[in-house]
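*Asks:* Structure below; questions to follow.
The values are calculated or read from the model by the stated rules, or taken from the named source; none is laboratory data. Predicted model, so just to flag it, every value in this text is computed and none were measured. Because the Cβ atoms are built from the backbone with ideal geometry, glycine has one as well, and the counts that use them run over all protein chains shown. Quick note on the areas: whole protein, heavy atoms, side chains included, nothing else; ligands and nucleic acids left out. Shrake-Rupley method; radii C 1.70, N 1.55, O 1.52, S 1.80 Å.
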Amino acid sequence: MPGKSSKVRIFEDRETACRTLAGELAGLIATVNASGRDAVLGLATGNTPVPLYRELVRLHREEGLSFARVVTFNLDEYLGLPREHPESYWTFMHRQLFDHVDIAPENIHIPAGQPDDVGTHCAEYEQAIRDAGGIDFQLLGIGRTGHIGFNEPGSPRDSRTRRIELDPVTREDAADAFGGLDQVPTHAITMGCGTILEARRLGLLAFGERKAAIVREAIEGPITAEVSASFLQEHPDAAFFLDREAAEQLG
Ligand code: GLP
């Protein structure tokens, strides 16, 4: 039955959820590498995946997990920010993960904050994902508007990588980090819902009571462009990794 293929996995706390997922990603990287090709990971930003990246770094340092044959594609980037801006997703990803593992810089893909031409850049991003053979595992968070990446309400099921205007709720949530609402970019580049849903496997992380209402809508509500995370319900291999607080409104 459409609408019920995604799995819900509820963990004691966010550390356990992230440790579990990190272990599964290490297994996936090993399996894909053993089959003779690079593993392709779609990555996400935000506070939510921080413990996951910490655990991946630990696995690299202490247990021999190598990123030498890993290719990554990040979901999104704020438009207008130079790479070195402290709030750019380029900075975030390097601080949280890339600076601490053996990934080749040329295997890292993050949408540009200041592309010469946005349309061309987005088309090239899509092409790079295709050239890599598609995404094996796409990591996701969820914004309070229900967005995955920056696919704000109204983002069609078949949308592709593009420029998007940020929802006022999303900008408000970013205001503290940027030191004020007026400092938060108004637009971003995001992979589209269609781009994301083509990943062979998806994992959405959501923690804390603040996410409980939107998590319920995403998992139990109607499948609608108003909540782009609801599209995961139709994916054959998508899982929600929740802590108890984020799961508290599920029926
Ligand atoms: C931003 C990112 C999303 C992320 C969301 C939630 O909007 N573009 O990918 O899921 O924030 O952030 P947090 O994990 O900090 O709650």
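*Asks:* Expressed as a whole percentage, what fraction of the accessible surface of the stretch 116-208 belongs to carbon and sulfur atoms when a 1.4 Å probe is rolled over the protein heavy atoms? Write out the running numbers ahead of the final one.
*Replies:* Values: 1720 of 3760 Å².
After summing per-atom areas, the C and S share lands at 46 percent.
*Asks:* In addition: Hey, how many Å between the Cα centroid of the stretch 41-107 and the Cα centroid of the stretch 110-157?
*Replies:* One Cα centre to the other: 16 Å.
*Asks:* If you take the charge dipole of the stretch 149-251 about its Cα centre, with +1 on Lys and Arg Cβ and -1 on Asp and Glu Cβ, which of Ala199, Leu242, Pro185 is farthest toward its positive end?
*Replies:* Positive-end residue among those listed: Ala199.
*Asks:* From Cα coordinates alone, what are the radius of gyration and Dmax values for the stretch 35-107 in angstrom?
*Replies:* 12.6, 40
*Asks:* Next up: Extension gain Glu165-Lys7, at 0.36 nm per residue separation less the Cα-Cα distance, in nm? Numbers along the way, then the final one.
*Replies:* Working: separation 158, 0.36 × 158 = 56.88 nm, distance 3.05 nm.
Value of the extension gain: 53.8 nm.
*Asks:* Charges at C-beta only: +1 for Lys and Arg, -1 for Asp and Glu. How large is the resulting dipole of the chain about its Cα centre, in Debye rounded to 20? Don't skip to the end; give the middle numbers.
*Replies:* On the way: 25 positive and 39 negative charges, 123 e Å.
Computed charge dipole of the chain: roughly 580 debye.
*Asks:* Just for the chain, what percent of DSSP beta bridges are antiparallel, to the closest 5?
*Replies:* Working: 8 of 31 bridges.
Antiparallel: roughly 25 percent of the beta bridges in the chain.
*Asks:* Out of all DSSP beta bridges in the stretch 137-211, what portion is antiparallel? Express it as a percent rounded to 5. Intermediate values should be presented prior to the final figure.
*Replies:* Details: 4 of 8 bridges.
In the stretch 137-211, approximately 50 percent of DSSP beta bridges are antiparallel ones.
*Asks:* Let me ask another. Which whole-number value in Å² is the accessible area per residue of the chain, probe 1.4 Å?
*Replies:* Working: 10990 Å² over 251 residues.
Normalised by residue count, the accessible surface of the chain is 44 Å².
*Asks:* Could you tell me the convex hull volume per residue, in Å³, taken over the Cα atoms of the stretch 159-251?
*Replies:* On the way: hull volume 9.9 nm³, N = 93.
For the stretch 159-251, the hull spanned by Cα atoms encloses 107 Å³ per residue.
*Asks:* Then there's this: Under the rule of at least 5 residues apart or a separate chain, name every residue whose amide H is placed under 5 Å from the amide H of Leu205.
*Replies:* Leu140, Gly141, Phe241
*Asks:* Can you give me the pair-distance distribution of the chain, C-alpha pairs, 5 Å bins, whole percents?
*Replies:* Reading the bins upward from 0: 1, 6, 14, 19, 21, 19, 13, 6, 1, 0.
*Asks:* Counting Lys and Arg as +1 and Asp and Glu as -1, what is the net charge of the other residues whose Cβ lies under 11 Å from the Cβ of His100?
*Replies:* Result for the local shell: +2.
*Asks:* With no solvent and one point on each alpha carbon, what is the Debye value of log10 I(q)/I(0) for the stretch 163-216 at q = 0.19, 0.26, 0.31 Å⁻¹?
*Replies:* So the normalised log intensities are -0.93, -1.05, -1.06.
*Asks:* How much net charge surrounds Gly149 when only other residues with a Cβ under 12 Å from its Cβ are counted (Lys, Arg +1; Asp, Glu -1)? Don't skip to the end; give the middle numbers.
*Replies:* On the way: positive: Arg160, Arg162; negative: Asp76, Glu77, Glu152.
Spelling it out: positives minus negatives among the neighbours equals -1.
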